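Structure, as structure tokens:
The values are calculated or read from the model by the stated rules, or taken from the named source; none is laboratory data. Treat the numbers as computed from the prediction; the structure is a model and nothing was measured. Positions of Cβ are generated from backbone atoms using ideal geometry, with glycine treated the same way; all protein chains shown enter the neighbour counts. All accessible areas refer to the heavy atoms of the entire protein, side chains included, with ligands and DNA or RNA removed. Shrake-Rupley method; radii C 1.70, N 1.55, O 1.52, S 1.80 Å.
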Amino acid sequence: MRVGIIGGGQLARMLILAGYPLGLDFTVLDPARDACAASLADHICAPYDDRDALARMAEDCDVITYEFENVSLEGLERLQQRTRIHPPLQALAESRDRLREKNLFRRLDIPTAKFIAIDSESDLREAPKTLGWPFLVKTRRFGYDGKGQFLVRTAADMERAWRELGGNPLIGESFIPFQREVSIIAVRRRNGDMAFYPLSENVHRDGILHVARCRPRDSQTARAEDYACRLLEHLDYVGVLALELFEVHGRLLANEMAPRVHNSGHWTIEGSEISQFENHLRAILDLPLGDTEPVGHAAMVNFIGVLPTLADVLEQPGVHCHFYGKVERPGRKVGHATVRASSATALEARLHHLLALLP
Ligand code: AMP
């Protein structure tokens, strides 16, 4: 069976690495000649909305999936008449617009921060009446890793926020003084079978995920699973879905979802029986889902911008290294490592040593 992946970055690369033992073949579509998944698959080097390239993928592949949200929805809608595409395009359309996404959460009774649409400077001026102080202004589209956001603390900040972000469709959100950020990785197969990984507790640095810890039997597990389940069922979802949440005074507020494998689930490669990558492939190929049970205690550290020395990482006990083969550049995700240990205390000690290696 051949799987087509739109996008040839590290998520595609890890999907491919998970699929080889199952005997799967892959085609990736990516305009970058040096896309990091390109050397592992048949590479169609063309823009994401290239009609001929998409048609070739439809012809060659049994199923098509995508590794990021800003793919051409129109291109995929055309393709859908000729081949199977998972996750569903409705999930893609909802998740790539922060306002639509928050409205979907609201319809499904999934709590969120207070939010409003901001379409003009006067909407921005009125925002604190609904949102209070401080509040965040975010672009509805193309925001990731904290980009396209402005924290408005005082009336004087509004002018700058408008100068920087005005002209884009915007959303305003109350600032949540959360105690922690968590995410849940869920997976659903075509026949409706579902599985959930343990919660991941996530620490960000400069808006980018820094450390994700697997939290088996977390007190918020049932609530997070319930919210993810509502989304999976409503969207008649197939594949892996990630839902990011804030915990504040014992409540969970949904921040955003990603209709794909997710950085906060990378620890599942070594830290669970079957990884999010293999389970995504199983789901979209309508194969039995694998066990999501954790294996020991696990956490993941992202390598951002620069890589530590390979030998230094490999010297650490219980550490599994993933370098993506990407050129180092500030702010770019160039690799990660999973740390595993037999107890929570041992895990923290190993994490401490690994973090000390980061440049
Ligand atoms: P996002 O691009 O929405 O995932 O936001 C990036 C990061 O900004 C999140 O991981 C949070 O740490 C922070 N953030 C986003 N929205 C809020 C909010 N409403 N209140 C407080 N922090 C937020």
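Quick check on G143: is it under 30 Å from R282 (Cα atoms), at pLDDT 95 or above, outside any strand (DSSP E or B) and not aromatic (F, W, Y)? Taking the combined requirement at face value, the residue does not satisfy it.
For the range 99-117, taking the residues that are closer than 13 Å to R141 by Cα and not charged (D, E, K, R), the one that is surrounded by the fewest Cβ atoms within 10 Å (Cβ to Cβ) is identified as A117.
Just one of (1) away from the ligand (no atom under 15 Å from the Cβ); (2) within 28 Å of F142 (Cβ to Cβ) trips up S264, so point out which. Going through (1) away from the ligand (no atom under 15 Å from the Cβ); (2) within 28 Å of F142 (Cβ to Cβ) one by one, S264 breaks only (1). Taken together, the residues in the range 298-319 that are within 23 Å of R215 (Cα to Cα) and open to solvent by 60 Å² or more (accessible area, probe 1.4 Å) amount to 1.
Taking the range 44-140 and the strands (runs of 3 or more DSSP E) fully enclosed by it, the elements with 2 or more residues that are more than 30 Å from R13 (Cβ to Cβ) are at 115-118, 135-139. Just to be sure before I move on: is E121 closer than 26 Å to R160 by Cβ and either free of Cβ contacts under 8 Å to residues at least 24 places away in the same chain or away from the ligand (no atom under 16 Å from the Cβ) (or both) in the structure I sent? Criteria met by E121. When V152 is tested against (1) closer than 29 Å to A283 by Cα; (2) surrounded by 15 or more Cβ atoms within 10 Å (Cβ to Cβ); (3) within 14 Å of the ligand (Cβ to nearest atom); (4) among the β-branched types (V, I, T), only condition (1) is not met.
The set of residues in the range 49-98 being within 21 Å of R140 (Cβ to Cβ) and open to solvent by 60 Å² or more (accessible area, probe 1.4 Å) consists of D49, N70, E74, E77, Q90.
For the range 163-186, the set of residues classified as crowded, with 18+ Cβ neighbours inside 10 Å, away from the ligand (no atom under 11 Å from the Cβ) and modelled with pLDDT of 95 or more consists of L170, I184, I185, A186, listed by residue number.
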